[in-house]
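The values are calculated or read from the model by the stated rules, or taken from the named source; none is laboratory data. The structure presented is a predicted model; accordingly, all values stated were derived computationally and were not measured. Every residue, glycine among them, receives a Cβ derived from its backbone with ideal geometry; neighbour counts consider all protein chains shown. Side chains included, ligands, DNA and RNA excluded: accessible areas come from the protein's heavy atoms. Shrake-Rupley method; radii C 1.70, N 1.55, O 1.52, S 1.80 Å.
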Amino acid sequence: MITQDKEKYAEELNQSISYLENLGYSNIKADIEGYETPKSYHKKGSDIDVTPDIVAEKEGRKHIFDLSLKSKKPRLLKSKWLFLNTLSQIKSYRFRLITKRGHYKFTNETVDAINLDSVKQMKF
């Protein structure tokens, strides 16, 4: 999710953190109060910072999660997902999208538009 939507979807972020804890993920870092903030990446030549919504570990492997919820700026969301997917491939991490009921169509259309068919979606 993009920075402008953080406050709007704070409850969904907390729900997804609980969901991941129940699945056995540990060392969870999240871009929300009460958790350590994941590492941010700065886009050179601009004032844009990219921060994953959730970073967690399971079985010794790092996983990057981003919430896929309806947004008024899908272009920013697409570029964030492309960046996080590329970063995950370079560093041998796993990149997943977390979505919930009412946002499946938006998620599928956005993923199809940027050809990220290899990214797995988790539904809670």
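Key figures
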item	result
Per-residue HN-Hα couplings for the range 25-37 [Karplus 6.51, -1.76, 1.60; θ = phi - 60°; Hz; x = Gly/Pro]	6, 10, 6, 7, 10, 9, 8, 8, 5, x, 10, 5, 7
Accessible surface of the chain [probe 1.4 Å, protein heavy atoms]: carbon and sulfur percent	45
Surface accessible to a 1.4 Å probe, per residue, for the residues of the range 45-124, Å²	56
Sparse-neighbourhood loop sites, GluC sites (Glu not before Pro) in the range 10-40 - DSSP loop, at most 12 other Cβ within 10 angstrom	Glu33, Glu36
Among Phe95, Leu116, Leu13 - extreme Cα towards positive end, dipole of the chain, charges at beta-carbon	Leu116
Theoretical gain in end-to-end length, Tyr35 to Lys6 [0.36 nm per residue, Cα-Cα removed]	9.0 nm
Fraction of antiparallel bridges per DSSP, the chain only, in percent to nearest 5	55
Relative contact order computed over the chain (Cα-Cα under 8 Å; 6+ residues apart), in percent	21
Choice from Asp31, Asp53, Asp112 with maximal GNM fluctuation in the chain (Cα, 10 Å cutoff)	Asp112
Relative packing of peptides 67-75, 42-50 - highest average C-beta neighbours within 10 Å first	67-75, 42-50
